[in-house]
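> Just dropping this structure here.
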Amino acid sequence: MKTFFKPSRRQLLTTALALALTLPCAVVAHDFKAGDIVIDHPYATPSLPGTRTGAVYFRGLRNTGRSADSLVSARTAAAGSVEIHRMVMDGEVMRMGALDKLALPAGSELPFRHGGQYHLMLLDLTSPLVAGDRFKLTLRFERGGEREVTVWVQQPRQAARDSGHQH
């Protein structure tokens, strides 16, 4: 004879409450730490058809410490190389160039969003970046050391697309 477990109403409610309290944290939490640096929500935008470049952004990079730090390099198996880039407007021309490192002053937050001033440029992609994919990226900080993060490939919000800057 087979025996089936039939949970009580109280057991079902307890289980539902436990899931409700833990799942939002697991879904929302997508930040990492490297020393005093908080790496908030690493993401990439889908690569454009026919290109071998891509870009990685963050909701923000926060230095919660009392000492300055710097992002000095990044690497990933998803690309042949990664460069730290800064974009500036020179009159009506947007100029982009690689930086040797990116300073993160003590107690500061650096916006690193799509359409903004900074991004990580992925060169010689091993395959196209497709919305929904994820890949590993290792960031190296001068004081905070190395930290591997997971980058989610996602479509940018409309406001970012309207900025005119796309990779």
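> Of the numbered conditions (1) open to solvent by less than 70 Å² (accessible area, probe 1.4 Å); (2) part of a strand (DSSP E or B); (3) over 27 Å from Gly144 (Cα atoms), Met94 fails exactly one; give the number of that condition.
The one condition Met94 does not meet is (1).
> Considering only segment 3-18, I want to know if a residue exists there that is modelled with pLDDT of 95 or more, of a type in the set (D, E, K, R) and surrounded by fewer than 18 Cβ atoms within 10 Å (Cβ to Cβ). If you could, list the steps in order and put the result at the bottom.
Filtering segment 3-18 for residues modelled with pLDDT of 95 or more gives none.
No, because not a single residue in segment 3-18 is modelled with pLDDT of 95 or more, of a type in the set (D, E, K, R) and surrounded by fewer than 18 Cβ atoms within 10 Å (Cβ to Cβ).
Matching residues to (1) of a type outside the set (Asp, Glu); (2) over 16 Å from Val38 (Cβ atoms); (3) open to solvent by less than 70 Å² (accessible area, probe 1.4 Å); (4) under 18 Å from the mean Cα position of the chain (by Cα):
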site	(1), (2), (3), (4)
Ala55	yes, yes, yes, yes
Arg59	yes, no, no, yes
Gly65	yes, no, yes, no
Ala77	yes, yes, no, yes
Gly116	yes, yes, yes, yes
Leu120	yes, yes, yes, yes
Thr138	yes, yes, yes, yes
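> Just the residues that are closer than 17 Å to Arg134 by Cα and part of a loop (DSSP other than H, G, I, E, B), please, taken from segment 58-91.
The answer is Thr76, Ala77, Ala78.
> Out of all the residues in segment 97-114, which are in a strand (DSSP E or B) and either hydrophobic (A, V, I, L, M, F, W, C) or open to solvent by 70 Å² or more (accessible area, probe 1.4 Å) (or both)? It would help to see each step written out before you state the result.
So in segment 97-114, the residues in a strand (DSSP E or B) come out as 97-99, 102-104, 109-112.
Of everything in segment 97-114, those that are in a strand (DSSP E or B) and either hydrophobic (A, V, I, L, M, F, W, C) or open to solvent by 70 Å² or more (accessible area, probe 1.4 Å) (or both) turn out to be Ala98, Leu99, Leu102, Ala103, Leu104, Glu109, Leu110, Pro111, Phe112.
> Restricting the search to segment 105-134, which residues are over 30 Å from Ser67 (Cα atoms) and touching a Ser or Thr at 6+ places or on another chain (Cβ under 7 Å)? Before you say what the answer is, go through the steps one by one.
Narrowing segment 105-134 to residues over 30 Å from Ser67 (Cα atoms): 123-134.
Selection gives Leu123, Asp124, Leu125, Pro128, Leu129, Arg134.
> If you don't mind, another one. Please go through segment 141-158 and pick out each residue that is open to solvent by 80 Å² or more (accessible area, probe 1.4 Å) and under 14 Å from the mean Cα position of the chain (by Cα).
Keep residues of segment 141-158 that are open to solvent by 80 Å² or more (accessible area, probe 1.4 Å), which gives 142-143, 146-148, 155, 157-158.
Selection gives Arg147, Glu148, Gln155.
The values are calculated or read from the model by the stated rules, or taken from the named source; none is laboratory data. Worth saying up front: this structure is predicted, and the values here are computed from it rather than measured. As a convention, Cβ positions derive from the backbone with ideal geometry for all residues, glycine included, and neighbour counts pool all protein chains shown. Heads up: the accessible areas ignore ligands, DNA and RNA and are worked out on the full protein's heavy atoms, side chains in. Shrake-Rupley method; radii C 1.70, N 1.55, O 1.52, S 1.80 Å.
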